[in-house]
1. Any idea what the dipole of segment B:120-231 comes to, in debye rounded to 20, about its Cα centre with Lys/Arg Cβ at +1 and Asp/Glu Cβ at -1?
2. Would you tell me the mean number of C-beta atoms belonging to other protein chains that fall within 10 Å of each C-beta in B:150-160, as a whole number?
3. Using θ = phi - 60° and the Karplus curve 6.51 cos²θ - 1.76 cosθ + 1.60, what whole-Hz ³J(HN,Hα) does each residue of segment B:60-68 get, with Gly and Pro shown as x?
4. Which whole number gives the average, over all residues in A:137-148, of C-beta atoms from other chains lying within 10 Å of the residue C-beta?
5. Counting only DSSP beta bridges with both residues in the protein assembly as shown, what percent are antiparallel, rounded to the nearest 5?
6. Under 28 Å Cα-Cα from A:Lys52, which lysines qualify once same-chain neighbours fewer than 8 residues away are excluded?
7. I need to check one value: relative contact order of segment B:160-230, counting alpha carbon pairs closer than 8 Å and at least 6 residues apart, in percent.
8. In chain B, if the dipole is taken from +1 on Lys/Arg beta carbons and -1 on Asp/Glu beta carbons about the Cα centre, which of B:Asn125, B:Leu202, B:Gly92 is farthest to the positive end?
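Taken together, the values in this text are just the output of simple stated rules run on the coordinates, not laboratory data. Quantities reported herein were computed from a predicted structural model and do not represent experimental measurements. We place every Cβ from the backbone using ideal geometry, glycine too, and count neighbours over all the protein chains shown.
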Number of protein chains: 2
Amino acid sequence: MHQTFDAALEMNLLHANQTGADHNRAHFDEWGITCLNVMSSPGAGKTVLLEKTLAALQGQLNMAVIEGDMTTELDADRLRQTGVPVIAINTGRSCHLDSQMVAGGIHTLKENHHPESLDLVWVENVGNLVCPAEFEVGEHAKVALLSVTEGEDKPLKYPVMFQEADCLLITKTDLAPYLTVDIERIAANVRQMNPQAAIFPLSAQTGTGLKAWLDWVQAQVKVRSEGASLVGATH
Amino acid sequence: MHQTFDAALEMNLLHANQTGADHNRAHFDEWGITCLNVMSSPGAGKTVLLEKTLAALQGQLNMAVIEGDMTTELDADRLRQTGVPVIAINTGRSCHLDSQMVAGGIHTLKENHHPESLDLVWVENVGNLVCPAEFEVGEHAKVALLSVTEGEDKPLKYPVMFQEADCLLITKTDLAPYLTVDIERIAANVRQMNPQAAIFPLSAQTGTGLKAWLDWVQAQVKVRSEGASLVGATH
């Protein structure tokens, strides 16, 4: 539930959310954790991607997941099968996670999961290509998914998500042969909105293209842990 | 742009939207128009469905479209190819059409398109499986689409849309052979949320299943025009 407001109220709400996001990020930084916020339409493949990614990176990285859904723990339960700790947040009628909800998740992390031992916390947002892009939750980078079945025009029609994303995954490429879709056209439309984003086409189901994505994730963690050592060295 | 509020503000906003929706519906009723509000995730196939539906029903029904998108007139231009009048509304950062935006569309209808000659006005909402379900725009029935590529669990995870829908289209059934998805399971999950909804699996691309949907649309218009004649007869 949400609505369009007058501009002043809108700025106040976004400002309050941003303050909370900065506070969350300060906690992650204190613990040496990288946080990635994963967003997309419903059914673009966020949970399958996380299942495969957690399985691939376990043993190399210590991870946890903050899992947002309007209702049910269906996705949380799927990810728990990997053995990675998962904190489920039900947003009720809210169409996105906000920084206050994620602060609740961080509190649970702190109580139960020794956050200083973690390298990487995933946030899986509510399936929505519009609203989550406007509400930072304390992440270090935003990952957006767009499945090939959604059509080439989506980056142009839903610009905010694509402008905000640091990394854009074009998912379900295994289905491309059965569609009249051009993956290069999708990538070009993303670049038109956001020339800086890293773009990886992949199929989490078959594993095609997954390695480039996993390398990007590990580079994100490495940059941050080296930054932390550097800060340590200057003290 | 939107946010979760305190309950009183939320009720006020929904109440104001509802008053506007009732006002819009009164206009449609006055002109003998049936209005259908079409909603889904981005890329579930709303625009292809409308392209095929407009083409099939032209000659039998006089129609117009109010087309909502955050930005661009890409979909409006596609539908204009059918020759049906299309009024484009750009919602900017808003993640759904509200009754005030649709009132603007109705004003344009009134100025330029002889609304009393129309039988059916389609509203194509912003692609979003969460927010549009809460904002009535003056429609007589809500049509929700869920594509087979989005997964079987979506009715359980995004309950509001499925509870509100009068008609649920399971789209892109031509892709089902390439997926591990059970259309009967999707339908059962929809029924769990909403035992009354009419459910039609179809592929707008191949035409399979389209007839049952077109019959449902015509029945919606017929019920309303007979109701109007009945009202006329009692005067």
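1. About 160 debye.
2. The per-residue average across the peptide is 6.
3. Per residue, the Karplus-derived 3J(HN,Hα) values read 8, 10, 8, 10, 9, 10, 9, 10, x Hz.
4. Other-chain Cβ atoms within 10 Å of each residue's Cβ, averaged: 1.
5. Working: 0 of 58 bridges.
Around 0 percent antiparallel, to the nearest 5.
6. Within the straight-line cut-off, A:Lys52 pairs with A:Lys110, A:Lys142, A:Lys154, A:Lys172, A:Lys211, A:Lys222, B:Lys154, B:Lys157, B:Lys172.
7. This gives 34 percent for segment B:160-230.
8. Sorting the options by dipole projection puts first B:Leu202.
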